[in-house]
Amino acid sequence: MKILIIGTGYVGTTTGLIFCEMGHKVTGLDLDEQKIQALRAGNLYFYEPGLEELLTKHIQTNQLTFTIDTEKAIKDNDLIFICVGTPQAPDGSADLTFVKNVAKSIGQHLNEYKVIVTKSTVPVGTAKLVTSVIQENQTSPIPFDVVSNPEFLREGSALEDALHPDRIVIGTTSETARTIMRELYKDFHCPIVETHPKASEMIKYAANSFLALKISYINELARVCDNLVINVKDVSNGIGLDHRINPHFLNAGMGYGGSCFPKDVKALIQTAKEQGNPLSILEAVVKVNAEQPIYFIEKIKQSLGSDLKNKTIAVLGLSFKANTDDTRESPSLILIDKLLEEQATIKTHDPIVKMGVPHQFLTIEETVAGADALVICTDWDDYKNLNWQGLKTLMKQPYIFDGRNMLDKEKVEKLGFYYFGMANH
Ligand code: UDX
């Protein structure tokens, strides 16, 4: 098939590469000329393990091309994937400006029957909206179908997730489009959920919100465990072995971040509110998540004293999780902002993210030198097996605050550190 991917961000680029792997011819379209130039040269402008190799491979064989020519790209392809961003609007809802602009262009340039697929995370009713915008912008009534086909890949393991999804969701009312989508995904060995576009759109929000709910649940429970001196990891393990619960997304820490959970939970809350059925459970999820870094700062203050003004805190990790350079809604940056409000001196480190602020250092040694405490904010493997003995000699005070519960408490305590995790007793 000849596939057009509109929006060469995270989801668009990965999706395009997966379809190349499946033997399809893919064109990536973006309005951002700089992004297109970088991708054409085989440079992935974001960090995602394994993706650049595939990019180089498919550019070389001409299986994958990039363009900024919207009209030609729409006319030349059979299947069009909308993968543009849906940022958060001020009221928490998803801003559909980019999606609507794309739909308008498709309407203007549609030259024969095509299937238009929304892969961006879009609120319930967007497939219908895209249909109307395309129709409004057509000069002659050429038939087309709109399909909702949400993406569930995670940053940091995008390739693996996109190649081996747990399920594929296809939301359409058109038999023709359904047949084309089945053909497109025929080599994927996972269940395919075929449903109405509205249900498909809801599935994406419901999945992300449920995962966020699990995280907020374990985080709030961790605070209770903390007071009762219970290891929350044992609790996660003990409940996770119940297959009805499962062990995933039960790691207590500094709260969820990233480009999806914070935005998607809020968008679903907004959708529910508009319908007059508030999702109070998700409102609690957001509240717990916002409290988590504050709880952590309280723990720091309990050890270092309530006045952090003359304290130096080394923050290890800036990205919202390991294996990505994405810092959107990163708990680390939220914590740093709050510590700066307390007038603490902050030194930071990240193996991949290069922000320069505040006071970012290249090595962990430089970062922790003279620090009263070090805080692990991102679960990078690099932070698991450090030379703790050596680092301790560089620090002013030997305090470790492990926002990811990733260190061996006993081991670092034996070396003379004071260790605090999130109910990691
Ligand atoms: C998420 C969804 O998992 C994915 O299906 C969807 O397509 C996009 O949104 P992503 O944002 O890449 O993916 O990251 P994910 O691995 O889900 O983690 C989200 C946040 O939750 C991170 O900040 C992570 O550190 C945190 N998290 C995750 C926890 O705090 N505890 C956990 O147990 C799991």
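The values are calculated or read from the model by the stated rules, or taken from the named source; none is laboratory data. As the structure is a computational prediction, the values presented were derived from the model and not from experiment. Reconstructed Cβ throughout: ideal geometry from the backbone, glycine too, with neighbour counts over all protein chains shown. Accessible surface is based on the protein model in full, side chains and every heavy atom, while ligands, DNA and RNA are left aside. Shrake-Rupley method; radii C 1.70, N 1.55, O 1.52, S 1.80 Å.
Quick notes on this structure:
- Residue match in segment 320-330 (condition: aromatic (Phe, Trp, Tyr) and open to solvent by 30 Å² or more (accessible area, probe 1.4 Å)): no
- Pick from segment 348-398, criterion assigned to a strand (DSSP E or B) and under 25 Å from the mean Cα position of the chain (by Cα), ranking: nearest to the ligand (Cβ to nearest atom): Ile376
- If you go through segment 265-279 and keep only what is over 19 Å from the mean Cα position of the chain (by Cα) and either more than 22 Å from Ser200 (Cβ to Cβ) or in a helix (DSSP H, G or I) (or both), you end up with Gln270, Thr271, Ala272, Lys273, Glu274, Gly276, Pro278.
- Residue within segment 135-151 that is touching a residue at least 60 places away in the same chain (Cβ under 8 Å), more than 21 Å from the chain's Cα centre (by Cα) and open to solvent by less than 10 Å² (accessible area, probe 1.4 Å) present: no
- The one condition from (1) on the phi > 0 side of the Ramachandran plot; (2) within 21 Å of the chain's Cα centre (by Cα) that Val286 does not meet is (1).
- Taking the criterion of being hydrophobic (A, V, I, L, M, F, W, C), over 16 Å from the mean Cα position of the chain (by Cα) and not in a helix (DSSP H, G or I), the residues of segment 314-343 that qualify are Ala314, Val315, Leu316.
- Top-ranked residue in segment 160-199 [being touching a residue at least 12 places away in the same chain (Cβ under 8 Å) and of a type in the set (S, T, N, Q); ranked as most open to solvent (accessible area, probe 1.4 Å)]: Thr173
- Identity of the residue in segment 280-313, in contact (Cβ under 8 Å) with a residue 40 or more places away in the chain and outside any helix (DSSP H, G or I), that ends up surrounded by the fewest Cβ atoms within 10 Å (Cβ to Cβ): Thr312
- Asn251 open to solvent by 50 Å² or more (accessible area, probe 1.4 Å) and near the ligand (Cβ under 10 Å from one of its atoms): yes
- Flag if Phe420 is among the aromatic types (Phe, Trp, Tyr) and either open to solvent by less than 10 Å² (accessible area, probe 1.4 Å) or in contact with a Pro (Cβ under 7 Å, 6 or more places away or on another chain) (or both): no
- Residues being surrounded by 15 or more Cβ atoms within 10 Å (Cβ to Cβ) and free of Cβ contacts under 8 Å to residues at least 40 places away in the same chain - total across segment 119-134: 4
- Filtered residues of segment 335-356 (kept if open to solvent by 10 Å² or more (accessible area, probe 1.4 Å), more than 11 Å from Ile297 (Cβ to Cβ) and among the charged types (D, E, K, R)): Lys347, Lys354
- The residue of segment 187-239 that is farthest from the ligand (Cβ to nearest atom), among those that are part of a loop (DSSP other than H, G, I, E, B) and of a type in the set (A, V, I, L, M, F, W, C), is Val229.
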